[in-house]
Amino acid sequence: MKAYDFLDSQARLQPNAEFAVDAEKRITYSEARDTVNRIARAMIACRLAPGDRVAILMRNRIETVLIFFAAFKAGLVATPINYRLTPTDWQKVCEDAGAKLLFSEAEFVPSIDAVRGRLESVDRFIVVAGSGPGWQNFAAWAVGESGDVANAPVAENDDALLMYTSGTTAQPKSVVLTHHAVL
């Protein structure tokens, strides 16, 4: 079983049940599955290969969870970045992970732009609920037809998450979780 199987099975079993709720909106399992498939297609269209890292610099919101599931479905490794770290630390995490794609909330865009010249591995910058020069708007980027996505060939022991420690006594260190560990 892979990390994305949970969402797909719940969307079949209870499509109209609430998947997630945040301060701004609610989303059902069916809506979440369709959105995740669109995001996964957009990730694949960026020519990301299975195992590539996707950095996520966001607070807790529905889009954060959807991006995680889409990365899992596309065979990519979700790499959350602690927004409480400094922009220099964000840059170090992105580079250490080799992140190819960076998702951010609008409030972090100016700080990312300040270190952008040192983000050599990142090919594309996506902003959720905002815009900015050199950034693609998430809603416009993730547009596409709904429906199933051809899931990447992912095994239970393949990497799913690349998380970083808080770095309170030294530089943040990476910790890898497989699909099996996530479940």
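Of the strands (runs of 3 or more DSSP E) lying entirely inside region 1-113, the ones with 3 or more residues being open to solvent by less than 40 Å² (accessible area, probe 1.4 Å) and touching a residue at least 60 places away in the same chain (Cβ under 8 Å) are found at 77-80. Any residue at all in region 43-60 that's under 13 Å from the mean Cα position of the chain (by Cα) and of a type in the set (Lys, Arg)? Yes, region 43-60 has at least one match. In region 143-163, of all residues being modelled with pLDDT of 90 or more and out of contact with any Gly (no Cβ under 8 Å at 6 or more places or on another chain), the one that is most open to solvent (accessible area, probe 1.4 Å) corresponds to Met163. The residue list Ala17, Ala32, Ala40 contains one member that is among the small types (Gly, Ala, Ser) and within 17 Å of Phe103 (Cα to Cα), which is Ala40. Being in contact with a Gly (Cβ under 8 Å, 6 or more places away or on another chain) and of a type in the set (Ser, Thr, Tyr) is the filter here; which residues of region 73-127 pass it? The answer is Ser121, and nothing else.
The values are calculated or read from the model by the stated rules, or taken from the named source; none is laboratory data. Just so it is clear, the structure is predicted and the values come from calculations on it, not from any experiment. FYI the Cβ positions are ideal-geometry reconstructions off the backbone, even for glycines, and counts take in every protein chain you see. Remember, those area values only see protein heavy atoms, side chains included, never the ligands or the DNA or RNA. Shrake-Rupley method; radii C 1.70, N 1.55, O 1.52, S 1.80 Å.
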